[in-house]
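What follows is a set of notes on a single structure, which appears directly below.
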Amino acid sequence: MESCAQKKKYAAKDYKSDLKPIWCPGCGDYTVLNAITRALAELALPPEEVAVVSGIGCSSRIPAYTSVYGFHGVHGRALPVATGLKLARPDLTVLVTGGDGDGFSIGGNHFLHACRRNVDLTYIVMDNQVYGMTKGQASPTTAPDWEGSKLTPEGTGINPFQPLVVGLASGANFIARVSSSDPINMARIMVEAIQHPGFSLVQVLSPCVTFRPEQQEWRDIVRTAVVDYTDDAARAARRLMTDDGFNVGKVLYKGSRPPFRPEFENTNGSVTELEARFAL
Amino acid sequence: MTINSVSLVIAGSGGAGVVTAGSLLLDAAAQAGWYALMSRSSGPQIRGGEAAAMLRFATEPIMSHDDSFHLLMAIDWDNIGRFSAEIPLVATSLIVGDPAHGPAPAALLGGTPRQAALAMTDIAGKIENGRPNMVALGAIAGLIGLPPEAMQAVVEKSLKRKGQAAIDASMAAFHAGFAAAADLPAIPKLPAVAAATEPRWSITGNEATGLGVIRGGVRFVAAYPITPATEVLEWLAPSLAKVGGMLVQAEDELASINQIIGASYGGVPAMTATSGPGLSLMIESLGLAVAAEVPLVVVDVMRVGPSTGIATKSEQSDLNIAVYGLHGDAPHIVVAANSVPDCLFTTQWAVHLAEAMQAPALVLTDQAMGQARAIVPKPAELAFIGQRLTAAAPAVEGERYKRYAMTASGVSPMAIPGTRGLTHTADGLEHNEFGTPSSQASDHQAQMDKRSRKLTQFNYGDHWADIEDSEVGAGDTAIITWGSSTGPAREALRRYAAAGGKARLISLRLIAPVQPEKMAAALQGIKRAVVVEQSHSGQFYRMLRAFYELPARTVSLHHGGPLAFGPNQILEQLNQLNAGSA
Ligand SMILES: Cc1ncc(C[n+]2csc(CCOP(=O)(O)OP(=O)(O)O)c2C)c(N)n1
Ligand code: SF4
Ligand SMILES: [Mg+2]
């Protein structure tokens, strides 16, 4: 790779592909895509040095809508793919995009361990409290009394999963919540998330206008969080556990745990040396 | 000529102690210039408990255990009766036990072996810091003709850190046992040989597997521990670090397979090792590697299934899941190692195949070869290095890169992240040449053809199978087998030839894609065949029936694990085939 003498300036559109998204008109994910491309332009990262990894879901379609390297894998396994990629290629900037079902249900175990492992990744979860792609079933973040799905006509009766609380408890190094109705702040926080070392978790309230039309009211309900971020996990925990889920637009927690970054350290050993240990 | 060999078992309740004693004996045999094979069996206890080290020594390389053992040396009897099926004893066999521990359990006496007493505890008690294990080793050495100097050298090396007193105590106990052997009934002795002149290795199948992938170029491994694959990982972790690679312990097998997909997509050759339960979890993502065309290697060290099965024992029953387990039409590579040293060859080859064809390669080994240690001639250097066809920056600026471009070979140049102008999204969704998701029949057809063409048009050379004829020729009879059953089949072929028979052994290394033309050539002139495998339902036989033209008289010799075939079992089947009674 040539050492760039002068930093090329990029515009958000330089990070967009020509592909037309399959999303419904009005879906919150459109502005998330815009915010990601805006953040990348802001950071002036050459597109070939960025990778976006995802699983399956409406929100997981993002990689192909960007012009960076993308990997669209199977449902729930985006985080391990991204972990392997980042460990093997520490020179790349790796983002992970997906939904609440992909990340917290089928991929829940990977979520815990990705927070815990703290590899330098930025995880952007478009939380619409529903399985959009499979046409509207309850997800782990759905309220217990939501009766909109044929699978759970009387609601799930189960308390929703608290991604940010669980993320904090599991060791995520950066936690923020943003609203897809505020693209400017969303992009700004994504820039910070990408820049922060270790595992950064960004929850985006991103309405599913088709299966949760009532979520269109979110734009009026959300409020900018009043308190600035803390680096004290205990304080962050208290805040997150008492918060109603609509405080957005600010970073909530920034940790300083060093990222998991095993080196490909070449100790100058050779395969011949390994073989010598078997010789009689 | 049949192989001149001695087979014996050291058993006891001491857990690791028995295996350590077996290892000392194996090393001493190597020192004496003999070839050796050691397998182990243990009870269900996590630590300690009954254990058995099964050893066979010969003056030439050996790949298999014999049908029965000449000697069972029991340190004590606790629960050793449980091994009776794994330790076949016949009238000429000899059981040596310590009278301090009472009589031998009835379960071991079915074959009416001879019995003799050796007061290991008493003899050891008379020596300061003397151990019954060393007395037993001394007696074994006396019985089989192993020169004491060979053991002296091994003990000096292994007890160096404990000091001269420990070495002397061990050797005193050994010599006392050696002297006592003169009063024991005889078993065959192996002739002394001149110390080996050609280089030899002492290696387990699991170590050979690790070395094979490193030699092939793998530098990223992610895995989750599971018996009996863990030793592959334990060997790889420090070894990878020495050659600039890394091993990551993942949270589960879903993570390990997807981490290696990520690493390989990033351009670093990658692999994982597991056993049946882990392979089951990886299946969906193996299909992703097929569709997204990501090269990787998955080693399955097979154990007895289904479910958790018998975690510590061997079976060849993951053939079906390896070949047919993926949903959709998912062309991928399945190869199988057929001996301890072949784990090295086959895994190195697998890396080469996976990288060349940008497809996942599954390697089947098993507990029997994985956890066995063998003294073998130094394996040859191999030319297989994983080499991926990569794409360079486009000649024409702005020209859109086709990740899944149609090519004659089916292999498309792969852009590695970081390469300018070739950004694209690799996808498990069906796609067109650019990688853009597509649900059109024509794209599906074209991409299916391409993915399958990569594998069917590849030149696998002679490595698809190991083919061996008896010295006097192939005759019209064949043994067709794979994996661990190849060892006893090889030996059956030799015994058959020694009795004047002619036959051909065909051991398949390339399980998928199938090679009907090569098989047809290998079966030219063959009128009868026996198919040998360690599977309760005869998975291999059924697969051969589905894809190959087999001789009209083909019989299936199969049973589930964990018992391995003895060479005579296969020999009998060959004799029956030719007597027309099969
Ligand atoms: C193994 C597997 N199980 C089920 C599915 C079906 N499926 C596809 S997407 C999805 C849920 C997606 O929900 P979410 O991650 O919240 O994404 P959204 O569509 O809401 O953005 C499910 C269940 C699948 N593709 N794979
Ligand atoms: S179904 Fe919902 S989440 Fe999916 S594209 Fe439509 S609005 Fe967006
Ligand atoms: Mg969702």
- request: Please list, in chain and number order, the residues 5+ apart from A:Gln137 or on another chain whose amide H is under 5 Å from its amide H, with Hs placed from the backbone.
  value: A:Tyr131
- request: Would you please give the residues with an amide H less than 5 Å from that of B:Leu326, counting only those at least 5 places away or on a separate chain, with H modeled from the backbone geometry?
  value: none
- request: Over chain A, calculate the relative contact order: mean separation of alpha carbon pairs under 8 Å at least 6 apart, over the residue count, as a percent.
  value: 17 percent
query: Where in region A:213-231 does the label zone of A:Phe246 land, with the point 7 angstrom along Cα→C-beta and an amide N cut-off under 19 Å?
result: A:213-227
task: Identify which of A:Met190, A:Met126, A:Met241 has the largest mean-square fluctuation in a Gaussian network model of chain A, with springs joining Cα atoms closer than 10 Å.
output: A:Met241
query: Normalized C-alpha radius of gyration of the protein assembly as shown, against 2.2 N^0.38 Å?
result: 1.08
- request: Please find the FRET efficiency linking B:Ile416 to A:Ala233, where r is the Cβ-Cβ separation and R0 is fixed at 35 Å, and quote it to the nearest 0.05.
  value: 0.40
statement: Expressed in angstrom and rounded, the centroid-to-centroid distance over alpha carbons for region B:222-241 and region B:371-406 is 23 Å
statement: For B:Gly14, other-chain or 5+-apart residues with amide H closer than 5 Å (H placed, Pro excluded) are B:Ala51
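Taking both sides together, what accessible area is buried at the B/A interface, probe 1.4 Å, expressed in Å² and rounded to the nearest 100? Numbers along the way, then the final one.
On the way: alone 23020 and 14440 Å², together 33120 Å².
Approximately 4300 Å², summed over both chains.
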query: Using 1/(1 + (r/R0)^6) with R0 = 35 angstrom and r between the beta carbons of B:Thr59 and B:Asp183, what's the FRET efficiency to the nearest 0.05?
result: 0.85
query: About its Cα centre, how strong a charge dipole does chain B have in debye, to the nearest 20, once Lys and Arg get +1 and Asp and Glu get -1 at the Cβ?
result: 480 debye
message: Using the crude model of +1 on Lys and Arg Cβ and -1 on Asp and Glu Cβ, and no other charge, please compute the dipole size for region B:202-377 relative to its Cα centre, in debye to 20.
response: 440 debye
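For the protein assembly as shown, what is the percent of antiparallel DSSP beta bridges, rounded to the nearest 5?
35 percent
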query: Between A:Asp127, A:Asp231, A:Asp18, which gets the highest mean-square fluctuation from a Gaussian network model of chain A, Cα cutoff 10 Å?
result: A:Asp18
query: Out of A:Tyr131, A:Tyr15, A:Tyr69, any idea which swings most in a Gaussian network model of chain A, alpha carbons joined below 10 Å?
result: A:Tyr69
message: Starting from 0.36 nm per residue, how many nanometres of slack lie between B:Glu149 and B:Glu517 once their C-alpha separation is accounted for?
response: 127.1 nm
task: Calculate, for B:Phe547 and B:Gln457, the FRET efficiency according to 1/(1 + (r/R0)^6) with r their C-beta to C-beta distance and R0 30 Å; round to the nearest 0.05.
output: 0.95
field: the protein assembly as shown - accessible surface per residue (Å², probe 1.4 Å)
entry: 38 Å²
task: Let me know the shape class of region A:19-276, please: from the alpha-carbon gyration tensor, a ≥ b ≥ c as square roots of the eigenvalues, rounded when a/c is under 1.5, otherwise prolate if a/b is greater than b/c, or oblate.
output: prolate
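May I ask you to list the GluC sites (Glu not before Pro) in region B:312-403 that are in a DSSP loop and have at most 13 other Cβ atoms within 10 Å of their Cβ? Mind showing how you got there, number by number?
On the way: sites: B:Glu315, B:Glu355, B:Glu381, B:Glu397, B:Glu399; in loops: B:Glu315, B:Glu381, B:Glu397, B:Glu399.
In loop regions of region B:312-403 (DSSP not H, G, I, E or B), the sparsely surrounded GluC sites (Glu not before Pro) are B:Glu381, B:Glu397, B:Glu399.
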query: Given the Cα-Cα distance of B:Thr20 and B:Ala383 and 0.36 nm per residue of separation, how much length would full extension add, in nm?
result: 127.1 nm
- request: Tally up the carbon and sulfur contribution to the accessible surface of region B:209-284 as a whole percent, 1.4 Å probe, everything protein left in place.
  value: 57 percent
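Work out the length of the dipole vector of chain A about its Cα centre, built from +1 on the beta-carbon of each Lys and Arg and -1 on the beta-carbon of each Asp and Glu, and round it to the nearest 20 debye.
About 200 debye.
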- prompt: Roughly how many whole Å is it from the C-alpha centroid of region B:262-322 to that of region B:117-166?
  reply: 43 Å
- request: Find how much the distance from B:Arg47 to B:Asp449 grows on full extension, using 0.36 nm per residue of separation minus their present alpha carbon separation; answer in nm with one decimal.
  value: 139.5 nm
query: Just which residues of region B:429-446 lose 20 Å² or more accessible area with every protein chain there, against their chain alone, with the probe set to 1.4 Å?
result: B:Leu429, B:Thr436, B:Pro437
- line: Reduced to Cα centres, the span from region A:166-192 to region B:468-510 in Å works out to 66 Å
field: Table column - 3J(HN,Hα) (Hz), region A:58-69, Karplus curve with 6.51, -1.76, 1.60, x for Gly and Pro
entry: 4, 5, 6, 6, 3, x, 5, 8, 9, 10, 9, 5
Beta bridges per DSSP with both ends in chain B, % antiparallel, nearest 5: 40 percent
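The values are calculated or read from the model by the stated rules, or taken from the named source; none is laboratory data. Remember, predicted model here, so these are calculated numbers, not experimental data. Here the Cβ is made from the backbone with ideal geometry for all residues, glycine too, and neighbour counts use every protein chain on show. Protein only, heavy atoms only, side chains kept; ligands, DNA and RNA dropped before computing areas. Shrake-Rupley method; radii C 1.70, N 1.55, O 1.52, S 1.80 Å.
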